[in-house]
Amino acid sequence: MSVMPEPALEHYLLVALLLFAIGVFGVLLRRNTLILMMCLELILAASIVALAAFSRFNATAEAPMMGGNVFVLFIIAIAAAEVAVGLAIIVTLWRRNQTLDVTELTSLKH
């Protein structure tokens, strides 16, 4: 029975890069507020993957994977707060304008 090789740091960074690119393109190309929030979450997920990978591959006996893991916990907490605030904004926009299209939201222009 063959053992699968362990993924290298480059593989984790490639996944992080793909997540980040999908998130950025989604933010730039889509106009639905809900989709924009999901793409921002993809960007945060990319940073989580990169930080966890750097933490794992830079661990030593003196500092066993603690630096990046602490940052990951902070990012997850910030992402949870962002989701709560973002969903509250989306619900308020929907109730007020009956649309989630960013191009039609002009209430701050006046």
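The values are calculated or read from the model by the stated rules, or taken from the named source; none is laboratory data. Note that the structure is a prediction, hence the values are computed from the model and not measured. Cβ: placed from backbone, ideal geometry, glycine included. Neighbour counts: every protein chain shown.
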**OP:** State whether one or more residues within region 38-45 are in contact with a helix residue (DSSP H, G or I) (Cβ under 6 Å, 6 or more places away or on another chain) and more than 22 Å from residue 69 (Cβ to Cβ).
**Re:** yes
Original post:
Restricted to region 88-106, and to residues that are in a helix (DSSP H, G or I) and among the aliphatic types (A, V, I, L, M), which residue is modelled with the lowest pLDDT?
Top reply: 102
Original post:
Can you tell me which of 53, 79 is at pLDDT 80 or above, within 20 Å of residue 7 (Cα to Cα) and of a type outside the set (Phe, Trp, Tyr)?
Top reply: 53
Subject >> Residue under evaluation residue 28, criteria (1) crowded, with 18+ Cβ neighbours inside 10 Å; (2) within 16 Å of residue 102 (Cβ to Cβ), criterion not met >> reply: (1)
**OP:** State all residues of region 90-107 that are closer than 13 Å to residue 34 by Cα and free of Cβ contacts under 8 Å to residues at least 24 places away in the same chain; if no residue qualifies, say none.
**Re:** 91, 92, 94, 99
**OP:** Can you work out which of the residues in region 50-87 that are part of a helix (DSSP H, G or I) and polar (S, T, N, Q) is surrounded by the most Cβ atoms within 10 Å (Cβ to Cβ)?
**Re:** 55
**OP:** Could you list all residues from region 25-44 that are basic (Lys, Arg) and either touching a residue at least 60 places away in the same chain (Cβ under 8 Å) or part of a helix (DSSP H, G or I) (or both)?
**Re:** 31
**OP:** Give 2, 47 a once-over and let me know the one that is touching a residue at least 24 places away in the same chain (Cβ under 8 Å), of a type in the set (Gly, Ala, Ser) and either part of a helix (DSSP H, G or I) or exposed (fewer than 13 other Cβ atoms within 10 Å of the Cβ) (or both).
**Re:** 47
